[in-house]
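Below is one structure, written out as structure tokens; the observations come after it.
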């Protein structure tokens, strides 16, 4: 396979993996019985989940045609987009049904998936904070903190998404979750993050 | 094996057995009465609107909410008790006034409400029910449908005097 074809296949697969779940969610029959704010909140959640596949691929420079430098640059933009998606998701749900979101945020909800979602939200904020403080952190501390936090984000988000009966199709949801987990695991392994958790020899 | 000098193994085995027994529910507190009152469920009171009117049906109907109301202790059916029902359905959000309605139990303590199909909202297809008339302690229930395709849902109340 020539590099050109391989690159086209990768980008095509990525477009399908990211666009498919959004398309399924955007045409869900459940939308008929939801107000615009609730629909936007749900779609923001799907887009946020999509970001979790894109982010490790960018951080690891795995997307063909993008150099490492440009990859990391786009990673920062998508990171801000993920933050916005989380805020729209939680804010939209709050407007739709305040008591349900208050229960979730205080970990007193009847549904366990909301607790996983709230953990994912705080871990996302923390990972973004670590990224924002990067100039003040040592490279080791940055990578340790950001890697550990995003691992929590991806794991808890996948549990959150898997437990929800919502607008995402079962197949597209599981596919996107599996890809996000695999991409995160591969990049963390490639960067040999576990070595940072070992005590440095004096 | 003697228990005069418990070693780590006997202590661990004993503690493990105690935890297993407690987790099994084999030890239950002594109850003076037979039928225990229903506790309110987490999130049961969300989007509650006090004073929903007694209606023949909520909206166009097609979905059946059923249940029973009994007295704690002897389990006697309680007739003429007002039960309030609301849910996210094909005809409105939980917060919408038209999604709320109340009904009374019959002579056998049973109630039923014809209402629009409940659809998944906030991650689960679920309904809300309340007993809030004051003669007995207030109870809020939030039953979850096993499948979003179900066309009925049941919720039972056991009330204790206020």
Review point. In the Gaussian network model of chain A, springs joining C-alpha atoms below 10 Å, which of A:168, A:68, A:121 carries the largest mean-square fluctuation?
Key: A:68
Point to revise | Rel. contact order, % - alpha carbon contacts under 8 angstrom, at least six apart, region B:63-159 | key: 36
Review point. Mean separation of Cα pairs under 8 Å and 6+ residues apart, divided by the residue count of region A:95-202: what relative contact order is that in percent?
Key: 26
Exercise for review: With everything on Cα atoms, drop me the angle between helix A:112-132 and the longest principal axis of chain A, reported from 0 to 90° to the nearest 10.
Suggested key: 40
Review point. Which order do A:7, B:99 fall in if you start with the one that has the fewest other Cβ atoms within 10 Å?
Key: A:7, B:99
Check your understanding: Would you list B:89, A:111 from fewest to most Cβ contacts within 10 Å?
Key -> A:111, B:89
Study note, to complete from the structure: Counting only backbone N atoms under 17 Å from a point 7 Å out along Cα-to-Cβ of residue B:40, the residues of region B:73-116 in range are B:83-86
Point to revise | region A:1-79 versus region A:146-167: alpha-carbon centroid distance in Å | key: 15
Review point. Mean residue ellipticity at 222 nm from the helices of the protein assembly as shown, using -39,500 (n - 2.57) per DSSP H segment of n ≥ 4 over the full residue count, to the nearest 500 deg cm²/dmol?
Key: -16000 deg cm²/dmol
Revision key, fill the gap. Within 10 Å of the Cβ of an average residue in A:108-116, the count of other chain Cβ atoms is 4
Practice item. Please work out the FRET efficiency for the pair residue A:107 and residue A:2, using the Cβ-Cβ distance as r and a Förster radius of 56 Å; give the result to the nearest 0.05. Key: 0.60
Review point. Quick one: if you stick a label point 7 Å off each Cα along the C-beta vector at residue A:10 and residue A:162, how many nm between them?
Key: 2.8
Revision key, fill the gap. In terms of the alpha carbon gyration tensor, root eigenvalues a ≥ b ≥ c, rounded if a/c is under 1.5 and otherwise prolate when a/b exceeds b/c or oblate, the protein assembly as shown is oblate
Exercise for review: Please check which bits of region B:123-152 a label hung off residue B:57 would reach, taking the label as a point 7 Å along Cα-to-C-beta and the cut-off as backbone N under 16 Å.
Suggested key: B:151-152
**Study point:** 10 Å Cβ neighbours from other chains, averaged over peptide A:159-168
**Key:** 3
Point to revise | residue A:186 paired with residue A:136, simple spin-label distance in nm, labels 7 Å along Cα-to-beta-carbon | key: 3.6
Check your understanding: Can you give the mean number of other chain Cβ atoms that lie within 10 Å of the Cβ atoms in peptide A:50-60?
Key -> 0
Practice item. Any chance you could check the Cα centroid distance between region B:43-102 and region A:86-114 for me, in angstrom? Key: 23
Point to revise | Segment residue B:74-residue B:133, length gained on full extension (0.36 nm per residue, minus Cα span) | key: 19.2 nm
Check your understanding: Given 0.36 nm per residue, what is the gain on full extension from residue B:144 to residue B:160 after removing their alpha carbon distance, in nm?
Key -> 3.4 nm
Check your understanding: Once the principal axes of the Cα atoms of region A:3-197 are found, what is the range along each, listed largest first in whole angstroms?
Key -> 45, 41, 23
Point to revise | Residue order, fewest to most surrounding Cβ atoms within 10 angstrom, among A:47, B:83 | key: A:47, B:83
Point to revise | Relative contact order, percent, chain A [alpha-carbon distance under 8 Å, six or more residues apart] | key: 29
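Since every read-out is calculated from the coordinates, none of them should be taken as a lab result. Since we're looking at a predicted model, the values are computed, not measured. Every residue, glycine among them, receives a Cβ derived from its backbone with ideal geometry; neighbour counts consider all protein chains shown.
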